[in-house]
Structure formats: structure tokens, C-alpha cells
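Following: one structure in C-alpha cells, then a few remarks.
The values are calculated or read from the model by the stated rules, or taken from the named source; none is laboratory data. If you're wondering where the values come from, they're calculated on a predicted model, not measured in any experiment. All Cβ positions, glycine included, derive from the backbone under ideal geometry; neighbour counts span all protein chains shown. Protein only, heavy atoms only, side chains kept; ligands, DNA and RNA dropped before computing areas. Shrake-Rupley method; radii C 1.70, N 1.55, O 1.52, S 1.80 Å.
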Amino acid sequence: MKHLIPYLQDDQKAADYLRQVRWPDGVTCPRCGSDAVTPRERCDNGLQRFNCVPCAGRLGQQFAICTDWTSSIFEESKLRPLDWLLVMGLWQLQLNATEIAAAANIQERTAQRCINLLDGGIYETYHLEPTRQLEHQVEADECYQSAGSKGLAREVERHERAPRQRGIQLRGRATAETGRPPLLGLVQRRDKTDQDAPAAQVYLEVLENVRTTTIKPIIAAKVKSGAQFFTDEYNIYRFTKADYDHRTVNHGAGEYARRDPDGTCVHCNTMEGIWASLRNFLDRFKGISQRFLHLRVARYEFLHNYGHLPWRQTFEAALRCIFSTTGDYWRRMTHQHRRMPLTLCYR
Ligand SMILES: [Zn+2]
């Protein structure tokens, strides 16, 4: 985080740094893409104004003004560039809203909104990126995360049931409806023979339930066919025989890892390790609403997959993701959640 210190001196320096990350090759108009933009006077909060000459011409006006934040997630925010930069540094440190609010000296509600915007930006751009696929050696496993209707009294009413009882074991496989949404985890093992190989790459998806019909399209989209595919004996994965070199360990019989005759190590221990570290991360939020679970999971996924890089590179990669969307996802989600069942919100 040390590299941020020079940019945290005032709003102008913070705005300059954020602009440099958004447009490393020079500012272009967020509306038309033209680079024929001329700087104008700054806004009160330090953001640079620009006049886009082609846009002005098309609109028949003298000026068509945009700023550093036009058409970005930050556009409607009242938070100053310096505060945003600080919040983003704290966000990368995996802090929760209470901790960010205290450290950045902002209101907790504001901090909550900030992390939802940032997590939402990562979810929309990085998590939903269709071309990101796993290959070679991929482990799959599922786990269950307690997540209820925290902060949504009306949701509890709508289900016509008492608030979820904590610590009670329900019979059968948990679902989102029972307050324990399942997560599907896919991880591409790190290639140990390649010194420069990145960390193990994960893909994590919050599910409604763990039926084959639910997980099949996800696995087909995210794992390249022909990959080695390691799971436990759970029968929902049987369909993967068709497209993958599917091998299973029998947890029920006490088998957790084995070496096949061809030298392949069959286990799901990489994924087990990631579950432990994800739980550790989610515990920081001290009870998580089902509405936000997929956002927090997306932050974990991103930070995990970029975790092998130096801090600054990860920070700027996150910023480029966040700048590549206008935050429509988050606006849609906050608009819809009042009228839609929880389980549909995160689609
Ligand atoms: Zn323009």
C-alpha cells in the first residue's frame, strides 16, 4: 500500500493517479472514445474536466464536458478522490465496512456502499468475464455458507417463517432457501514445473442448490474440455466423465489422496485449502446477507487469483476492472432487490 502515499496528499494527486490507471495511453472521451479532448478547469473536488471536441460538434455546442469519473462507478459518488483511493487500498486489505469506516474516517453506511460498489464492479467485470477458463488439472468441490436475510426484515416476513435459527443442523443438503447457500468451487492447480506460473486460479459460484442441472452449465463454461477433473465421489459430478478425464477420491472410505499409475495425484486438497481461506475471509463480515454473499465471494476470488502479484499490480488490475464498467450491475441489483426474491437477485 506504500505506493499510494504520494497520491494520498490531496484530491488532485489522487484524481491524477486514478486517471493514469483508467487511461494509461491518454484520456479518451467516455462517450465517443475520441482522444480529441482538451483539459478544462478542475472541479472543486479535484477531478479534471475535459472538453470533447467531436461530442461538442455533434451536439452543436461550444463544449461537451466530461470529467475523470464520467461513465464510471464513481460518477454519482459524493466521496472525494482521496477518500476513494484510501477506501480502495483498505478494500484490498480485505477489511469490512466497519474497519474501513474507522480507518478512512467516513460513515459506516458510506463505507458499506463503497465496498458494495467495488465488489459489484469486480463481480460484473472479472467474475462474469466469459472467456476466463480453467484447464489442465482442475479440482471441484462444494461447500455451504450460512447467509440469511440479514438486515432485511421484510424478506423474513415474506417467507412466512421465523428468522433463521443459527447453529441448528438441518437434514439433507442445504440450499439458498434454507439459509445455507451452497458454493461451487473450481480450482486450476498451480503448475509446479513452471517457475513463473501464477497461483492456483479459482472460480467460485454461489448456487441455489447442488443439483447436476445447476452445476453442469457452470462447469461446461468454465473448465476447458479435456482437462483432468478431480472431485470426491458425490454423484452430481458423474456427468463430467463425458468431457473430462474425471477422477475421484473416496472420502467416505477414508481416501483423501492417491497417486494413480500414470503419476497423477488425485485429491481435492487445493480446493479444501481455498475453502478454509474463504471462510476465514467471510468471517470478517460477521454474518453475511445472502444478498451480498456473491459480491464478497467475487472479491475473494479476484484477490486470490491476483495474490501472486506485487500489491501495486493487483491494486491497479482491480482498478482497471472497476473502471471498465459504469456500475450498471450494482444499480440494477439495488433497484431490484426490493421486489424480487432474494435468490433471483444475484443473477
Ligand atoms: Zn466525445
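Structural remarks
- Highest mean first, the peptides 101-107, 10-16 sorted by other C-beta atoms within 10 Å per residue fall in the order 10-16, 101-107.
- Listed by chain and number, the lysines placed with their C-alpha closer than 23 angstrom to that of LYS78 are LYS13; residues fewer than eight positions away on the same chain are left out.
- The chain - mean residue ellipticity at 222 nm from DSSP helices (-39,500 (n - 2.57) per run, n ≥ 4, rounded to 500): -11000 deg cm²/dmol
- Solvent-accessible area assigned to carbon and sulfur over the chain amounts to 49 percent, based on a 1.4 Å probe.
- Translational diffusion of the range 263-321, µm² s⁻¹ [Kirkwood Rh, Cα pairs; Stokes-Einstein; 25 °C; 0.890 mPa s]: 185 µm²/s
- Reachable lysines, given that their alpha-carbon falls under 30 Å from the alpha-carbon of LYS224 and they are not under 8 places away in the same chain: LYS192, LYS216, LYS241
- Rolling a 1.4 Å probe over the heavy atoms of the protein chains gives the chain an accessible area of 50 Å² per residue.
- Share, in percent, of DSSP beta bridges within the range 214-315 that are antiparallel, nearest 5: 40 percent
- DSSP-loop GluC sites (Glu not before Pro) across the range 215-307, with at most 14 other Cβ within 10 angstrom: GLU233, GLU255
- The stretch between SER34 and THR264 holds 77.5 nm of extra length on full extension. This uses 0.36 nm per residue minus the Cα-Cα distance.
- Annotation note: trypsin sites (Lys or Arg not before Pro) in the range 204-257 located in DSSP loop regions with a Cβ neighbour count of at most 16 within 10 Å are ARG211, LYS224.
- Compactness ratio for the chain: Cα radius of gyration over 2.2 N^0.38 Å (N = residue count) comes to 1.12.
- Global dimensions of the range 192-347 from alpha-carbon coordinates: Rg and Dmax equal 18.2, 55 Å.
- Over the chain, relative contact order from alpha-carbon pairs under 8 Å, at least 6 apart, %: 19 percent
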